[in-house]
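The values are calculated or read from the model by the stated rules, or taken from the named source; none is laboratory data. Bear in mind the structure is a predicted one, so any value in this text is a computation, not a measurement. Glycine gets a Cβ as well: all are built from the backbone with ideal geometry, and neighbour counts include every protein chain shown. Just so you know, the surface numbers come from the protein's heavy atoms only, side chains and all, with ligands and any DNA or RNA stripped out. Shrake-Rupley method; radii C 1.70, N 1.55, O 1.52, S 1.80 Å.
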Amino acid sequence: MRKKFLLVINCIFLAIGNCGGPLISRLYFIKGGKRIWLSSWLQTSAWPIILIPLAISYFNRRKCKFQNRMSTIDQNNNNNNNNTKLILITPRIFIASTGMGILSGIDNYLSAYGVAKLPVSTSALLIASQLAFTAGFAFLLVKQKFSIYSINSIFLLTLGAIVLALHAKGDRPKDESKKEYILGFVLTLGAAALYGLILPLFELLYKKEKQTITYTLVLEIQSVYCFFATVVCTIGMIINKDFQAISREAKAFELGEGRYYIVIVWSAIIWQCFFLGTIGVIYSSSSLVSAILITVLLPVTEVLAVILYGEKFTAEKGVSLSLSIWGFISYFYGDIKANKKTENQSAVAEMIN
């Protein structure tokens, strides 16, 4: 029940970040922002937020450890001392999280470039292709099993993305050159492929690690992962002299200097919801479920782009929305059936014993 509750909470975080992140990043660019490294930096720079729940967990474990020391020590207490370790992350997990953080920093730049050069509908379309990459890498890395329902879901969600591609030809913004538009396409597709690799790598880390994977450990991994992704983007900002340009860009921002900083701050917070939700869903379920949720939220982003930025809601987008909902229902219907089958088998085994 606790894991199901965490799954629901992380799905909410993922939905907020997945829909709100591209929209607020696009707002930055269409209102005068031009710094791609800054936009990529904002995707993970709010990682210190994670330190709040980690600090609470730290003090609770410290209090528990102190109480154990003050109590009568017996063999059982000695065996349980591992549960009160103040830092759960091991050197092996730290190194793995660092590597994935560096990959994420590169991925942040690729996706930020796409958001800068492409309409929200087009960039979201290309990012949705990560479902196919995630499915492939999950099969190779973690031996992900596919039922007829999950295969049907992947097919429908991918088909929905292809349908959206039918209207992409007329989406090039007037102020973007054809060369920049094509480069945006290529880099966004690269971002989808790279993130499709990162998701199964997290699941592989959880499976290979010998110690118990708790949600506190997941938060520690997330903080290390986002920290090094931010380091990569910080280096890019320093080289590109983005820090010096922030004040000048704020004064020229179409919505005003004050709102420029509001957009910047909320961009960082909303993107952190995405990363926290993603890694939490992988912990509570699997990398494939995380990728499916990201894909199924694509039409929601499309609708919000229509409402907020006046993008056209074409027939292709309507068909894509229907296919995505169908695929979403197909996957979770199969998941419910599989869980019921497992529960029935367990009940029969208990009766025999």
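Under a plain spin-label model, where a point goes 7 Å from the Cα along Cα-to-Cβ, how far apart in nm are Ala252 and Ile95?
4.6 nm
Run the numbers for Lys31 and Ile12: contour at 0.36 nm per residue of separation, minus the present Cα-Cα distance, in nm.
Gain on extension, Lys31 to Ile12, equals 4.0 nm.
Report ³J(HN,Hα) in whole Hz for each residue of the stretch 252-258, in order, from the Karplus equation J = 6.51 cos²θ - 1.76 cosθ + 1.60 where θ = phi - 60°; Gly and Pro get x.
8, 5, 4, 8, x, 4, x
For the full complex of protein chains and a 1.4 angstrom probe, list Tyr283, Tyr309, Tyr225 by accessible area with the highest value first. Walk me through the numbers on the way to the answer.
Values: Tyr283 30, Tyr309 65, Tyr225 5 Å².
Most to least solvent-accessible, the answer reads Tyr309, Tyr283, Tyr225.
Taking 0.36 nm per residue of separation and subtracting the Cα-Cα distance, what length does fully extending Ile262 through Ile49 add?
Result for the pair: 75.0 nm of gain on full extension.
Say each of Ile238 and Lys143 gets a label point 7 Å from the Cα, pointing the same way as Cα to Cβ; how far apart are those two points in nm?
4.4 nm
What FRET efficiency comes out for Ser177 versus Lys63 if R0 is 51 angstrom and r is the Cβ-Cβ distance? Round to the nearest 0.05.
0.25
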